[in-house]
Amino acid sequence: TLKLLSRWNSFFQEQSIGIFHVFVFASFVFCAIFIYLILLHLKVEWWVAALGGFSAMVMSPQIFRLSGHISLAYSAAFPLVWWLFLKFRKSKNKWLLSLWLVAVTVLLFFLHPYLGMIAAFFLILSWMIEFITEKTPFTWKNLSLASFQSLLPIVIYKSYTLIVDYHFPRGKHPWGFWKYHANWESVFIPNHPPLRSFYEGIFNFSVLPKWEAW
């Protein structure tokens, strides 16, 4: 997008790094906003929702991505998809909200494929929960909506890469999927001082979880 805009105005080329940085840091603010809106939607008191949104922002593990894999630092990605799905559940215009979900998920795929897959997988699981626990009717319309939201973005992204991406040495099977993942410790135990040292003294932890697990 910036390359396209730079054809009309050199500002977007000269300031592209600054623009990218603004987007990344703004994403943390929007993370707090969307968590706040989600909590309000779930009937949480506004001040608790505000505190929850701020806490989620400052505790976001995606902060560590600022030192590498910067595209994964967009911490607003998942809260945005979650909020849109909650709006979809209450909306009368299901297809319009579904179109928004598809557009956002496709955008996330192009920001980073991991973000797109997280969003698509979340939508698949959400629909499974809708069918099983929420007693949502298993009709052709609902099945079509579920497939439209969760599977179409994957098809669009994969089709695009097959047609356009001719980069010869690109790996088709990224290594480390089963090696670098979160565990109970990396999710619930702090990974940096001062709280990390406090927990190490109680639970006898000595090895810091792998960076990818944070």
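The values are calculated or read from the model by the stated rules, or taken from the named source; none is laboratory data. Just so it is clear, the structure is predicted and the values come from calculations on it, not from any experiment. Backbone-built Cβ (ideal geometry, glycine too); neighbour counts: all protein chains shown. Heavy atoms of the whole protein, side chains included, go into the accessibility calculation; ligands, DNA and RNA do not. Shrake-Rupley method; radii C 1.70, N 1.55, O 1.52, S 1.80 Å.
Taking W140, W46, W175 as the candidate residues, the one with maximal mean-square fluctuation in a Gaussian network model of the chain, Cα springs under 10 Å, is W175. Pairs spanning more than 25 Å between alpha-carbon atoms, out of K87/K141; K43/K94; K43/K141; K43/K90; K43/K87; K135/K179: K43/K141; K135/K179.
The residues neighbouring F110, those whose beta-carbon lies less than 15 Å from its own, together hold a net charge of +1 under the Lys/Arg +1, Asp/Glu -1 convention.
Go ahead and collect, in residue order, the members of segment 72-96 whose backbone nitrogen is under 20 Å from a label point 7 Å along the Cα-Cβ direction of A26. Within reach of a label on A26, which here means backbone N under 20 Å from a point 7 Å along Cα→Cβ, segment 72-96 contributes 72-84. Each residue was assigned an accessible area with a 1.4 Å probe, and for F11 the value is about 100 Å². From the coordinates of this entry, Kirkwood radius over Cα pairs in Å is computed, and it appears in (1) 19.8; (2) 18.3; (3) 21.5 under the label (1). Dividing the summed -39500 (n - 2.57) terms of all DSSP H runs of n ≥ 4 by the residue count of the chain sets its mean residue ellipticity at 222 nm at -20000 deg cm²/dmol. For L101, L2, L208, the ranking by accessible surface with the largest value first comes to L208, L2, L101, using a 1.4 Å probe. Rounded to the nearest 10 square angstrom, Y199 shows an accessible area of 70 square angstrom against a 1.4 Å probe.
To the nearest Å, what is the center-to-center distance of segment 3-29 and segment 83-134, using C-alpha atoms only? Centre-to-centre distance over Cα atoms comes out at 27 Å.
Assuming charge only on the beta carbon of Lys and Arg (+1) and of Asp and Glu (-1), the dipole of the chain about its Cα centre is about 600 debye to the nearest 20. With a 1.4 Å probe and every protein chain kept in, tell me what percent of the accessible surface of the chain is carbon plus sulfur. Its accessible area is 70 percent carbon and sulfur atoms. On a per residue basis, the chain carries 70 Å² of accessible surface, using protein heavy atoms and a 1.4 Å probe. Estimated from the Cβ-Cβ distance and a Förster radius of 22 angstrom, the FRET efficiency linking M59 and F122 is about 0.70.
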